[in-house]
Amino acid sequence: MNKFKSLLLGTAAAAIAATGAQAADAPMGREPVYRCDITGFIELPGTNICFKVGGFARLIVWGTNEDAGSLEGVGGDDFGMYAQGRLNFDARRSTDHGTVRAFVEVQATDANVNTGGALQLRHAFAQLGNWVFGKTSSTFLHGASSANGTDPTVTGHTIRINQIRYTHSIGNGLTVAVAIEDQAYENTRTTTSISTTAANTTNVGFTPGNGGSGENNLPNFVANIHYSNGGWDTQLSGVLHQNEFGDGTDELGYGILLGIAGELTDQLNLIAKIGYFHANPSYAFDFFTGGTNTGDDYDQFGIVGGVAYEVSDEVTFQLAGFWGTADNNNNTVGAIPAPATISGTGTNAVTAVDHDLWGASALISWRPVGGFEFLGELMYRNTDPAVGADTDEVIGVFSAAASF
C-alpha cells in the first residue's frame, strides 16, 4: 500500500515538474470563446446575443443654380451646409427556428438652430428566420444596381416602407421573396444612394414628389426573384398596387423592375436597371417628380445606368445617368412642381403631369484612412414638362464623413 502511494506521489511530482518547465510556453489563461463569428459583432456578456452598433457623423456642403432652388427647402439659397448623424443597432441570436434579429436605425439632420433637428426613424424591423416584420427597404428594390452618391441623388431609387416579407433560398445563389407592404406609403421619401461606403450618402438633392394614392384599402403585393453568383447580381421585381385617386375611381397599378450589377474587371463595375410603373408612382425612380392625385392612366418609364472605376484602395470614380418619361395621357388631374426643383420649393403651377427627364452625375470618393471618406459629386437634371418651359438643375456637393 505504501509502495502504491509513493508511486502515485512520484508520478504527480513528475507531472508538476514537467508542467513547470513548460509554463513559459503556455498561455496564462484560457482564451474566451465567442459565438459571434460575424464581422463587427460582439457577444453580449451572459447571453447568446450578438450585437453591433454603427453609424456616422458628417458635414454636407452644397451649391446650386437658380433652377434648382434651395436645398434646405426655405428661400432661394444657392449655397448651404449642415451636419448629420446616424445610429444603428443590430442584435442577433440563433434559435431552433432560425436567426432572431432586431434592427433599428435613426438619423438626425441639423436644422441650423441650437436645438438641432428632429430624430427620424429610417429602419425598425424584427426578423425570425426567413420572415421580416417592420420598416425597411422595399422588397421591390434592387440595391446592388443602385449607383453610389449623395442622398438623394439624381439616379437614386429608395423606398423604406412597413412590410411583412418571406424569403426562400432555392440554392446556388437563387432566392425568391414575397411581401405585403403598406399601401399608405407615398413618395415623399429621402433617398439613399451613391457612395463607396454606407457613411457618405448625403441628404441633399432632388425631391421626388408625392404618389397621392388615395385611400388605403388593400396592401401592396410585392415579389422578386434574385440571383447572385460570381461577381454578378440581378433581380426581377414586381408590385401590385390599388391606386384610388378619387371616390369611385380606382385602378390596379403595377410596377416592374429589372436590375443588373456586375464586375467587368477587378477595378471596373457596371450597374443598370429599367423600370415601368402604371398608376403606381410611389414605387418609381426618385428622379420622377411624381404628381399629386395622378389619374389611373399615369405611366412612368425609366432607365438608369453607370460605371465605377476603382483607381486604388483609396480613390473611386463613378459616372451615372438616367432617362425617364411620365405620361398622364393628357389628364390634367395632377400637377408637377414648377420649377421641378431639386428641393421641391416650387409651387404646383403646371397643370399637366406629362414630362420627360434626363440627367447625369459624376462622383469621386477619397478614403484616406479606414472609416473616413471625402465625397464630391456634380449632378445635372433636365425636366421638360408638356406645359411650360423646361428647367436645367445643377447641384454640387462636398461631404466629409466618419463612420463606425
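The values are calculated or read from the model by the stated rules, or taken from the named source; none is laboratory data. Note that this is a predicted model, so its numbers are computed, not measured. Backbone-built Cβ (ideal geometry, glycine too); neighbour counts: all protein chains shown.
Taken together, the residues in the range 35-50 that are modelled with pLDDT under 95 and outside any loop (DSSP other than H, G, I, E, B) amount to 2. Screening 121, 128, 141, 71 for residues that are at pLDDT 95 or above, in contact with a strand residue (DSSP E or B) (Cβ under 9 Å, 6 or more places away or on another chain) and closer than 24 Å to residue 319 by Cα leaves exactly one candidate, 141.
Does any residue of the range 145-159 turn out to be acidic (Asp, Glu) and closer than 30 Å to residue 393 by Cβ? Can you show your working first?
Filtering the range 145-159 down to residues acidic (Asp, Glu) leaves 151.
In the following step, the residues that additionally are closer than 30 Å to residue 393 by Cβ were identified as 151.
There is at least one residue in the range 145-159 that is acidic (Asp, Glu) and closer than 30 Å to residue 393 by Cβ.
Those strands (runs of 3 or more DSSP E) of the range 118-177 in which 1 or more residues are of a type in the set (Ser, Thr, Tyr) and crowded, with 18+ Cβ neighbours inside 10 Å occupy 131-137.
Considered as a group, the residues in the range 88-117 that are in a strand (DSSP E or B) and over 20 Å from residue 44 (Cα atoms) include one that is modelled with the lowest pLDDT, and that residue is 109.
Filtering the range 365-404 to residues that are over 24 Å from residue 54 (Cβ atoms) and among the acidic types (Asp, Glu) leaves 384, 390, 392, 393. Taken over the range 221-254, the residue count meeting the criterion of being at pLDDT below 95, under 23 Å from the mean Cα position of the chain (by Cα) and surrounded by 24 or more Cβ atoms within 10 Å (Cβ to Cβ) is 1.
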